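Structure first, commentary second.
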Amino acid sequence: MILKTATKCIAAAAAMIILITGSQSQAQTINKKKAAKDSKNVFRLGLGLEGGYATKNFSNFELGGTARLQYDLASNISLTLTPGYYHFFAKDGQVQYTDKGVYANDLNMIPVKAGIKSFFAQNFYLSAEAGAGFELNHAQETKLILSPGIGYAGNKGLDLGLRYENFSGNHSNYGIIGLRLAYGFKL
């Protein structure tokens, strides 16, 4: 049931990004000075602190960090590559069930995601990411990560994002409702 809900959320986010991108690209006129300035600095790097509420019983919350490389295709569309580290804190007395056994300790993961950000208003964006999560302990499984989100990217480097992130595969699925607070700068 969670997987069906997550799939619907991802499909809705992707459809919104496509619709917004299409309408933005037709409605915008490009300032030549801004286009020349933007073409010099199309790469950005953001370092973020991640926190999330886990949607499965084995964990109370997740805490981690990410580094996001962003490539601006246009003033309102960016491609992203986001590696990082997540630590899921186990609930007292709770266990995680997998096809390889039962585990009661915390879960550590290295996520690697690629995605797109589409700015629909001044500083506000929708995002969609997909990738893999490599569990470092427990069953050492690799999870498919799908993550729609919404965020705010300020002019002084602040990036605040809210997302749902689903981890699925190997008969064990879970997710988080996550918040990312980051500082970004041009390369």
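Descriptive notes on the structure:
- Filtering the stretch 164-185 to residues that are out of contact with any helix residue (DSSP H, G or I) (no Cβ under 9 Å at 6 or more places or on another chain) and farther than 19 Å from PHE89 by Cβ leaves GLY169, ASN170, HIS171, ALA182, TYR183, GLY184, PHE185.
- For ALA74, the test of being at pLDDT below 95, of a type outside the set (Val, Ile, Thr) and either crowded, with 17+ Cβ neighbours inside 10 Å or in contact with a helix residue (DSSP H, G or I) (Cβ under 9 Å, 6 or more places away or on another chain) (or both) is passed.
- Among the residues of the stretch 133-152, those that are modelled with pLDDT under 95 and among the aliphatic types (A, V, I, L, M) comprise LEU136, ALA139.
- Counted as qualifying within the stretch 77-128 are the strands (runs of 3 or more DSSP E) with 2 or more residues that are surrounded by fewer than 17 Cβ atoms within 10 Å (Cβ to Cβ), aliphatic (A, V, I, L, M) and at pLDDT 90 or above, namely 77-90, 107-121.
- For GLU165: the one exception among (1) at pLDDT below 95; (2) buried (at least 16 other Cβ atoms within 10 Å of the Cβ); (3) acidic (Asp, Glu): (1)
- Selection count where residues are free of Cβ contacts under 8 Å to residues at least 24 places away in the same chain and assigned to a strand (DSSP E or B), scope the stretch 151-174: 2
- Contact annotation: residue pairs with Cβ atoms under 7 Å, 6 or more positions apart or on different chains, pairing a residue in the stretch 79-103 that is basic (Lys, Arg) with a partner that is modelled with pLDDT of 60 or more, are LYS91/ASN57; LYS91/PHE58; LYS91/SER59; LYS91/ASN60; LYS100/ALA139.
The values are calculated or read from the model by the stated rules, or taken from the named source; none is laboratory data. Worth saying up front: this structure is predicted, and the values here are computed from it rather than measured. Backbone-built Cβ (ideal geometry, glycine too); neighbour counts: all protein chains shown.
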